[in-house]
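Read the structure below first, then the notes.
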Amino acid sequence: MMNYFELYNLPEQFEIDLIKLKDHYQTLQKLTHPDRFASASEQQKRMYLTKNSQVNDAYSVLKSPISRGEHLLIVRGVKLPSEQDTVGDIEFLMEQMEWRETLDDATSAQALEKLVVDNHEILVKQEKIISAFLSHNREQDNQAAAQELGKMKFMVKLADEIETKLDRITDS
Amino acid sequence: MALLQIAEPGQSAAPHERKIGVGIDLGTTNSLVSAVKSGQCVTLADEHERHLLPSVVNYSEASIDVGYHARDNSNADPANTIMSIKRFMGRSLADVTAHWDQLPYQFVADSISPRFITPRGELNPIQISSHILSALKKRAEARMGEEITGAVITVPAYFDDAQRQGTKDAAQLAGLNVLRLLNEPTAAAIAYGLDSKEEGVIAVYDLGGGTFDVSILRLNKGVFEVLATGGNSALGGDDFDHLLASHLAQQLGLDAVAEKQNHRRLMNAGKEVKESLSNADSSVVSIQLVGAEQSTQLSMQLEQFNQLIDVLVKQTISTCKRAVKDARVSIEEVDNVIMVGGSTRVPLVRQQVEVFFKKAPLTSIDPDKVVAIGAGIQADILVGNKPDSDMLLLDVLPLSLGIETMGGLVEKIIPRNTTIPVAKAQEFTTFKDGQTAMLVHVLQGERELVEHCRSLAKFTLKGIPAMTAGAAHIRVTFQVDADGLLNVTAMEKSSGVKAEVQVKPSYGLEESEILDMLKSSMQNAKQDMQARMLKEQQVDASRVLEAMHGALAEDGDELLSDKERDAIDHALRNLGLCAADNDVDAIKRAIDVVDKLSQDFAARRMDKSIQKALAGHSVDNI
């Protein structure tokens, strides 16, 4: 597993400078994109194809808070819980069911728009919680962060579903 | 007489030697080739100063005839005159005949991918396309007076892996070195220099002879993202001609039999009317009917013509509407509209497009040539003629890639619009105890069910060590390159056994088939071939030597141990000796040795350059 923070010469932490990330992305593209090696040897082409793929993947991983958090945990040697592991969290399960019901009940554009706002607020809060847990590399905090990342993933998926439903209503 | 140039010892003999990169627009109806000449990208004409090459091939025992002659004589030999071969690329025969029945061709029965029966034997779409590409290559070589270093070939933005791979294979078969496959709308945007802008939304309206495509692109600092595409693969300028022809027949009072008899003459007259109405309000055409002594004069007003084609133009506009909606942008967000394809010369088309997008479309570049010109500009950069160019084109995967899972569902591995190149690994495990093989079905598309996606390939992973169910961990890596082409490798993790991957492209050709075709097409010229291979290897050798000496001078002391340095120096000396000799295989082996020995060195140099560039940035930012 490659350390993407290292590849982008960024500090190994959850809070990163997004402008710097983009800046380094463009520098790395200019250095490694296959078009720069269109007339190079096969060996060079292969080498830069691999590197450029990592540059692209790293950018998409580091850009989004969830994948960045997960990557940080992997770099720290923390094993991420699988979907089955999170099923045990009864409280979170209840929360999920409540959200699903609320989404099912929301049939007007206004109700759905309110859900979008609520969901967004929770995501912002959630990111702060995760950031706090990840600010120290401590076993207990890392585990907690992994749990919170799982919740945040659900909220992002839910946000997509709300948007899709909203689109359907406003389109028709 | 020009003075001889002598380079400084140890330096490249001709550092600014220009290489020829060509752009090729391989179209459904017409194709073009372009190149940069004295700083300007232009399309290249044939010996009769015609720039277009009709994408039509006639096969007879004596010859393979590509272009105008084949097209104009298609009525005489319809079964062996292949038109619109692009529609067959990467498709099954059933796919194509579902849209176009009554094709005059003869196909090999029991073949899933189309195989045409011709006097030159059974031919597949890749071979037929390669004949068109060969004709363009020949034209470019004649016009530029030099060998072609490489080509950028355009493809529709919605082309999937099989269609892209087929296009690339065809080029390889034609002896072209493919620098890059480029999306047609992106090429049009490059021709207008829009890639130098920071960001914006671009609509490309492409109305060709027989196809209509609209693409909505988002440009963000050199990244062209295809937001949406739409179109109608059976609507084009030829339909305008059809409408005009039947209108003229009506005016002449022809019955169905006479109309059929005069079909070609009516179509030609229709085309003439259409073209003259592009810059006039009325047109007079004379038509001589079959068996008539005199020709008849007919006049037509622009107004009448507009009424005739209005319904077709409206169809294209409603397709645009859907594409804009799919792209989730508003009309106001579209910054530029580009016109592509000869049929966009029709005034009503321009007018309607302007009304819909609320801005005048870009038309200053010949709409027939704009895609080829964009491809040529990119080709010139990729062959290295503009080392200082900052332009970097990033593309995205047009359609999601996934694999079949239990229950006929598709699990997405790489979603559409991911910036390419990209590599993603996925782990699989065995279902039964002692299982030693596994079938992986790779698909492309956005739908959830296997039957709704395009089957790209089936891989059989063999040689998995027998273990209990679920114990084997097979890591399958999907690598998509800058052309959007997929390559798959697999490995069993716990044992480290590299599983054998058998690639069976659902449509298209195996690498070995291409090699065989290349060989058989060159058998006649075997000696030529050997001489050419020797020359190519020698050029390769001198390139490797030059690059390595440069790299060693720069970083050899810093990045290599004495032992490593000695080994590389020795291999380079050996390569130098081999290159002076005539043994193709020996040169090849010597290059391989240098490659292997210098692999780590090359990687260290790459990492060093990256660290240096990023460190420089960090300092700047403080």
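Here, each number is a calculation from the coordinates, and none is a lab measurement. Treat the numbers as computed from the prediction; the structure is a model and nothing was measured. As a convention, Cβ positions derive from the backbone with ideal geometry for all residues, glycine included, and neighbour counts pool all protein chains shown.
Among B:144, B:339, what is the fewest-to-most ranking by other Cβ atoms within 10 Å?
Lowest to highest Cβ neighbour count: B:144, B:339.
Gain in length, residue B:260 to residue B:392, computed as 0.36 nm per residue apart minus the alpha-carbon separation, to one decimal in nm?
Full-extension gain reported as 42.3 nm.
Around residue B:151, which amide H atoms from residues at least 5 apart in sequence, or from another chain, sit under 5 Å from its own amide H, with H modelled in the peptide plane?
B:22, B:177, B:178, B:179, B:180
Name the most mobile residue of A:96, A:110, A:13, meaning the one with the largest mean-square fluctuation, in a Gaussian network model of chain A with Cα contacts below 10 Å.
Top of the fluctuation ranking is A:110.
Which of B:86/B:137; A:51/B:386; B:386/B:596 have a Cα-Cα distance over 28 Å?
Over 28 Å Cα-Cα: B:386/B:596.
Just tell me how shielded A:49-58 is by partners: mean number of partner chain Cβ atoms within 10 Å of each residue's Cβ, no decimals. Spell out each step's value before the answer.
Working: counts 7, 4, 5, 8, 11, 3, 4, 8, 6, 0.
Mean partner-chain Cβ count within 10 Å for A:49-58: 6.
Based only on Cα atoms, what mean projected area does the convex hull of chain B have, in nm²? Walk me through the numbers on the way to the answer.
Details: hull surface 146.6 nm².
Convex hull of Cα atoms, orientation-averaged projection: 36.7 nm².
Given a cut-off of 30 Å, name the pairs among A:128/A:157; B:412/B:612; B:197/B:612; A:22/A:114; B:221/B:358; A:63/B:197 whose C-alpha atoms lie farther apart than that in the structure shown.
In this structure, B:412/B:612; A:22/A:114 lie more than 30 Å apart at Cα.
Would you calculate the separation in nanometres between label points at residue B:458 and residue A:15, each defined as 7 Å from the Cα along the Cα-to-beta-carbon direction?
Result for the modelled spin labels: 5.5 nm.
List the residues whose amide H sits under 5 Å from the amide H of residue B:56, counting only those 5 or more places along or on another chain, with H placed 1.01 Å from N in the peptide plane.
B:67
Between residue B:177 and residue B:72, what FRET efficiency comes out of the Förster formula 1/(1 + (r/R0)^6) with R0 = 30 Å and r the beta carbon distance, rounded to 0.05?
0.40
Highest mean first, what order results for B:439-450, B:360-371 on Cβ atoms within 10 Å?
The densest-packed peptide leads the list: B:360-371, B:439-450.
Sorting B:473, B:48 on the 10 Å Cβ count, fewest up front, what's the list?
The most exposed by this proxy come first: B:48, B:473.
Need one value for A:28-38: mean number of C-beta atoms belonging to other chains within 10 Å of its residues' C-beta atoms. Walk me through the numbers before you get to the answer.
Values: counts 3, 6, 4, 6, 4, 6, 8, 10, 5, 3, 15.
Shielding by partners across A:28-38 averages 6.
Short version: ³J(HN,Hα) in whole Hz for each residue of segment B:271-282, in order, from phi by Karplus 6.51 cos²θ - 1.76 cosθ + 1.60 (θ = phi - 60°), x for Gly and Pro, what are they?
Result, ordered by residue: 4, 5, 4, 4, 5, 6, 6, 5, 9, 8, 8, 8 Hz.
Quick check on packing: order B:173-184, B:268-279 by the mean number of other C-beta atoms within 10 Å, highest mean leading.
Top to bottom by mean Cβ count within 10 Å: B:173-184, B:268-279.
Let me know the Kirkwood hydrodynamic radius for segment A:16-172, please, with Cα pairs as the basis and the value in Å to one decimal.
Computed over segment A:16-172, the radius equals 18.4 Å.
Compute the acute angle (0 to 90°) between the alpha-carbon long axis of helix A:139-171 and the principal axis of greatest extent of the alpha-carbon atoms of chain A; round to the nearest 10°.
For helix A:139-171, the angle is close to 70 degrees.
Taking a ≥ b ≥ c as the square roots of the Cα gyration tensor eigenvalues, with a/c under 1.5 meaning rounded and otherwise prolate when a/b beats b/c, else oblate, which class fits the protein assembly as shown?
Oblate, since a/c reaches 1.5 and b/c is not below a/b.
Could you work out, for segment B:238-308, what percent of all Cα-Cα pairs fall into each 5 Å distance bin, beginning at 0 Å and stopping at the bin that holds the largest distance?
Values per bin, smallest distances first: 3, 18, 32, 26, 14, 6, 1.
With n ≥ 4 as the cut-off for DSSP H runs, can you work out [θ] at 222 nm for chain B, using -39500 (n - 2.57) per run divided by the number of residues, rounded to the nearest 500?
Values: 15 runs with 231 residues, N = 622.
Mean residue ellipticity, 222 nm, calculated: -12000 deg cm²/dmol.
Summing +1 for each Lys or Arg and -1 for each Asp or Glu, what net charge is found among the other residues whose Cβ lies under 12 Å from the Cβ of residue A:104?
-2
Just the number: Rg to Rh for segment A:4-63, Cα atoms, Kirkwood Rh, two decimals. Before the final figure, lay out each step's value.
Working: Rg = 12.4 Å, Rh = 12.0 Å.
Radius of gyration over Kirkwood radius for segment A:4-63 works out to 1.03.
What's the average, rounded to a whole number, of partner chain beta-carbon atoms within 10 Å of each residue's beta-carbon in B:419-429?
On the way: counts 9, 4, 13, 7, 7, 2, 0, 0, 0, 0, 0.
Average neighbour count from other chains, rounded to a whole number: 4.
So who's got an amide H within less than 5 Å of the one on residue B:231, skipping anything under 5 residues away but keeping other chains? H placed 1.01 Å off N, in plane.
B:214
When chain A is treated as a GNM, springs tying every alpha-carbon pair under 10 Å, which of A:73, A:21, A:31 comes out with the largest mean-square fluctuation?
Result: A:31 has the largest fluctuation of those listed.
Full extension from residue A:114 to residue A:160: what is 0.36 nm times the residue separation minus their Cα-Cα distance, to one decimal in nm?
In short, 15.1 nm is gained.
What's the extension gain from residue B:314 to residue B:436 if we count 0.36 nm per residue and subtract their Cα-Cα distance?
38.1 nm
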